[in-house]
Structure formats: structure tokens, C-alpha cells
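Peer 1: Can you read through this structure? Questions will come right after.
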Amino acid sequence: MSEIILLRNREIENLRNYDVYVEHGGFEALKKTLQMDPEDVITEVKDSNLRGRGGAGFPTGVKWNFMPREDVTKYVAVNADESEPGTFKDREIMEENPYQLLEGSLICAYAVGAELVYIYIRGEYWEIAEILDESIERMRAEGLLGQDILGSGFSCDMHVHIGAGAYICGEETALLNSLEGKRGQPRIKPPFPAQSGLYSKPTVVNNVETLANVPWIMEHGADAFKAIGTEGGAGTKIFSVSGCVNKPGNYELPLGITFRELFEIAGGITDGNQVKGILPAGASAAILPATDEILDMPLDYESLKPYGTGLGSASVIVLDETVDMAWAASKMVQFFAHESCGQCTPCREGTYWLERLYERIDHGDLDPEDVERMDSVAAQMQGKCICALGEFAVNPVMATIKHFREDYDAAVAAAQGSGDIPVMPETTPAGD
Ligand SMILES: Cc1cc2nc3c(=O)[nH]c(=O)nc-3n(C[C@H](O)[C@H](O)[C@H](O)COP(=O)(O)O)c2cc1C
Ligand code: SF4
């Protein structure tokens, strides 16, 4: 059996209870850390090769190391926005193992010298926000938050902030703007949050899953963490698997697992069908055709790059042979058109026009030039936007046209009366 670092709630009943968490070693990592020099904590996390679990896979210790050492106000912002379609891993951590996230966030604050931690949680997770609030209150009562934590001289507090349900507020600088009470729109980078973040102060922004790994790393050491996974991705990863599989859900597995193994663990493909396409990271990373090479590829933060895609938050959506990929792309295009913050013209106008073009499939009047137009609109958006959402919106269009052109040709043929108009399902594929 592989090591479980994050979803320990699957093995330990009622782990969200403070006493149960402490009984099972909770806050021992914090106690150990508070005895250490903060520089050594940063070095340990850097050496562990932990990479961000929020999407970009940036090395966590390197990010912490960017923080200035001067004695100025600094913050930690926990990204609990979790809005990527098909991503539901942070939710389980916060619902069932909240203290591990809070402990990891506090260790991060100690390492970088932050006096406040803000947890920015998506609006729909208000019940989970209550769990976090109660857990924070208990930590205050236990002397784990506030002034002079456990007599260490380190003082820090935490607050939960509920967002209003906008996907774009998961982008780290939009998140910071939203926290400040401004419109949730991304900032131009640089400056990066470590230089000028929340209220223009140095800020670390990390994903929930990233920070929940930290207590384990501090307790067991960087080498033990690196011993799990691959060179391109140390540790375990929670794969949120949905779509055409028999047992959708969260699976914590060592990085380096293959799609084929993952699908088997997730109960196999529905109705014994063949996989047709794989979205490795929700709607945002380019879809992959399910070739043997892809199915047997060890999954980490490097292995999918040569295929023009990435592991992202590992929200794997499985699309089988029954799925029309032009339809799947139209759903993703609608999503991005809805979620574009409208700040930059290529993204605002590009997503709008892509949505109009894809509507033609639904209306049965797609002509052959429309497919080239889709490709061309997407190409004109590439590299011209302030944030990555503009790039994400391009992916479903270009990747499905590249790998599944026949589905577009079928829509064109249907519009010309030489084929059936593809039936667009009202709902997403089974299990989603
Ligand atoms: C449009 C968009 C949405 C994002 N949504 C999330 C999100 O919901 N949760 C998250 O942790 N990161 C999200 N990110 C990535 C964050 O900008 C940032 O890279 C991440 O929080 C850094 O944490 P990490 O290094 O621990 O992964 C999003 C990025 C973009 C461009
Ligand atoms: S790329 Fe899109 S979502 Fe990002 S800042 Fe520009 S308009 Fe907003």
C-alpha cells in the first residue's frame, strides 16, 4: 500500500476533531518547527521538492525563499478557491482533515515571518468555512494561534474569507484583489506576490493541498518525501477523477502513476467502453488522445509538457468513445466565456466569439470555414492576455481540433445534410 499523507481521514475516523488529530501526532511538526531557524524550515521544504498543487507546479520552497527577510508586515494567503471544473480535492482536506491544512499554513507563516494567514475559500464552500472557523477558534483556545505561540516568541493569527463564487478569483493576484475588497481581477506580474502582494506587502500564496503536505515533510524530512514519486514530482498527489469512470472520486497516489493504473483504481471505464480523450487538469489543460503512449506515461509535473499539456491540479476528466469532442469543447468554451473577467480584449472578445462559433454546432449550421475560424480566433488569443485564463480558453479549441478533427467534420457534414446532427447531451457524462 502506498503512503497516505493527506487523506488520512480515510484511515482515522473523526480526524477533523481536534483531540483525534492531536492523538494521531497532530501539531508535533509545528512544535518541532518552532524550535528551528526559519531559514532551515525553508531549506527543508525546498529540499523536499514539493511543488505547488494548485495548478502551476511551482516549487514551494523556492517560492517561500523569494520572500524578503526584512522585518516588514508579511502575509500568507491560502488558495481554497477550488473552482477548476472536476477539482474537488481541497474540499475533502478541509472538510475531513482541516487541522493538517491549518498546521501547514502556520508552519509556512513561521518560515517566512508572516503575522497573518488568510484562507480565501470559494463562496459555495460556506459550510466548510464554518469548519475552518471552528478549528481556528479551537487552535486559539489551545495557544496555537495568537501571541507568543507555545512560548516560541512567534505570533500569528488566521482568518477565513469567503469569496463570491468567481473562477478567476483562484488566480493568485485576483484572489489578493478580492481579499482587499476590490474587483477580483488579475494584476499584471511582475511584481509577484512575494514582492508586493496583499495590501502591497510580501505575500506567499499557496494551494490547500500544497500546505497540507508541509507538516508531513517537517515531521519525516525532505528525503522521505522525495523518496515518494518521481524526480518531476515528489510525494503523493490527490487525483480527482470524474467523467466516464465507474468510481469517480479522490484518489491519493504517488506521483509517477499512469493514467491506465489510475482508471483501473477508479473502477474502469463506464460500460466497458474505450477511453477517447483525457483532460488531465479539468478544463484548463489541453486534452490528450488516449493512445497507449499517453496511457502508460508516468504522471508528474514534467512528463506531460512535451504533449503541450500539464498535470495542473490533477483533476482528471475521462471522456470515452461516446463523447463528441466538439461538444465537450463547446462546454469548456462556454465556461471560459462566462468566467473571463473582461479585463483584456483578446480574452473578453475571443471567448465571446468562440462561444458564438460553437453555438453553430448546436444549431446545425457549422460550415467548414468555421472550424478554421475557431482555430484562428484561439491562435489570436495566445500569449496576449494578462493571466493564464486566456491561455486556458484556447486549449479546448486547439487541442480538440488537432486530435479529434473528425468530430468537427461530422458536425460540418451534418450541417450540409450528409450526416446526423450530433446530439448534445443535456448533462455531463456519467459519474461527473
Ligand atoms: C484562472 C485561474 C484559476 C486558478 N484557480 C486556482 C484555484 O482555484 N486554486 C488554486 O490553488 N490555484 C488556482 N490557480 C493557480 C494560482 O494562481 C496559483 O498559482 C496557486 O494558488 C499557487 O499555489 P501553489 O504554488 O501552492 O500551487 C488558478 C490560476 C488561474 C490562472
Ligand atoms: S486573460 Fe481573461 S480572465 Fe485573465 S485578466 Fe485577461 S480578461 Fe481577465
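We did not get these values from a lab; they are worked out from the coordinates using the rules stated. Only a predicted model underlies this, so the values are computations on that prediction, with no experimental measurement involved. Cβ placement follows ideal geometry from the backbone for every residue including glycine, while neighbour counts extend to all protein chains displayed.
Peer 1: What do the square roots of 5 times the Cα gyration tensor eigenvalues come to for segment 48-141, in whole Å, largest first, as semi-axes of the equivalent ellipsoid?
Peer 2: Each semi-axis is √(5λ); the values are 23, 18, 11 Å.
Peer 1: With each run of n ≥ 4 DSSP H residues scored as -39500 (n - 2.57), what mean residue ellipticity at 222 nm is computed for the chain after dividing by its residue count and rounding to the nearest 500 deg cm²/dmol?
Peer 2: Value at 222 nm, helices only: -12000 deg cm²/dmol.
Peer 1: What size of dipole, in debye to the nearest 20, comes out for the chain about its Cα centre when the only charges are +1 on Lys and Arg C-beta atoms and -1 on Asp and Glu C-beta atoms? It would help to have the intermediate numbers written out before the result.
Peer 2: Working: 35 positive and 68 negative charges, 240 e Å.
Value, rounded to 20: 1160 debye.
Peer 1: If you take every residue apart from Ile136 with its C-beta less than 14 Å away from the C-beta of Ile136, what net charge results, scoring Lys and Arg +1 and Asp and Glu -1? Each step should come with its number before you reach the end.
Peer 2: On the way: positive: Arg16, Arg138, Arg140; negative: Glu103, Glu130, Asp133, Glu134, Glu137, Glu142, Asp157.
Its environment carries a net charge of -4.
Peer 1: To the nearest Å, what is the center-to-center distance of segment 383-398 and segment 289-350, using C-alpha atoms only?
Peer 2: Comparing the Cα centres of segment 383-398 and segment 289-350, I get a distance of 11 Å.
Peer 1: Follow-up. Counting each pair of different Cα atoms once, what's the Kirkwood radius of the chain in Å, rounded to one decimal? Could the numbers behind the result be given before it?
Peer 2: Numbers: mean 1/r = 0.0446 Å⁻¹.
Its Kirkwood hydrodynamic radius stands at 22.4 Å.
Peer 1: So, in Å, what gap is there between the alpha-carbon centers of segment 140-160 and segment 76-109?
Peer 2: If we compute the Cα centre of each part, the gap is 19 Å.
Peer 1: Please compute the contact order of segment 8-226 in relative form: average sequence separation of alpha-carbon pairs under 8 Å and at least six residues apart, divided by the residue count, as a percent. Could you put the intermediate results ahead of the total?
Peer 2: Details: 401 pairs, mean separation 65.5, N = 219.
Computed over segment 8-226, the figure is 30 percent.
Peer 1: Could I ask something else about it? What is the fewest-to-most order of Leu150, Leu50 by other Cβ atoms lying within 10 Å of their Cβ? Walk me through the numbers before you get to the answer.
Peer 2: Values: Leu150 14, Leu50 27.
Lowest count first: Leu150, Leu50.
Peer 1: Based on the Cβ-Cβ distance of Ala413 and Gln380, what FRET efficiency does E = 1/(1 + (r/R0)^6) give at R0 = 35 Å, to the nearest 0.05? Mind showing how you got there, number by number?
Peer 2: Numbers: r = 27 Å, r/R0 = 0.77.
E(calc), rounded to 0.05, equals 0.80.
Peer 1: For segment 8-226, max minus min Cα coordinate along each principal axis, in Å, sorted largest first?
Peer 2: Ordered largest first, segment 8-226 gives principal extents of 43, 38, 34 Å.
Peer 1: Taking K and R as +1 and D and E as -1, what net charge do the other residues with C-beta under 13 Å from the C-beta of Ile107 add up to? All intermediate terms of the calculation are to be shown ahead of the outcome.
Peer 2: Values: positive: Lys31, Lys32; negative: Glu28, Asp40, Glu44, Glu103, Glu219.
Around Ile107, the surrounding residues sum to -3.
Peer 1: Report the extension gain between Ser152 and Glu134 in nm, rounded to one decimal, defined as 0.36 nm multiplied by the number of residues separating them, less their alpha carbon distance.
Peer 2: Numbers: separation 18, 0.36 × 18 = 6.48 nm, distance 2.38 nm.
Once the chain is fully extended between Ser152 and Glu134, it gains 4.1 nm.
Peer 1: Hey, how much of the P(r) for segment 235-320 falls beyond 22 Å, as a percent of Cα pairs? It would help to have the intermediate numbers written out before the result.
Peer 2: Values: 423 of 3655 pairs.
The proportion of pairs with Cα distances above 22 Å equals 12 percent.
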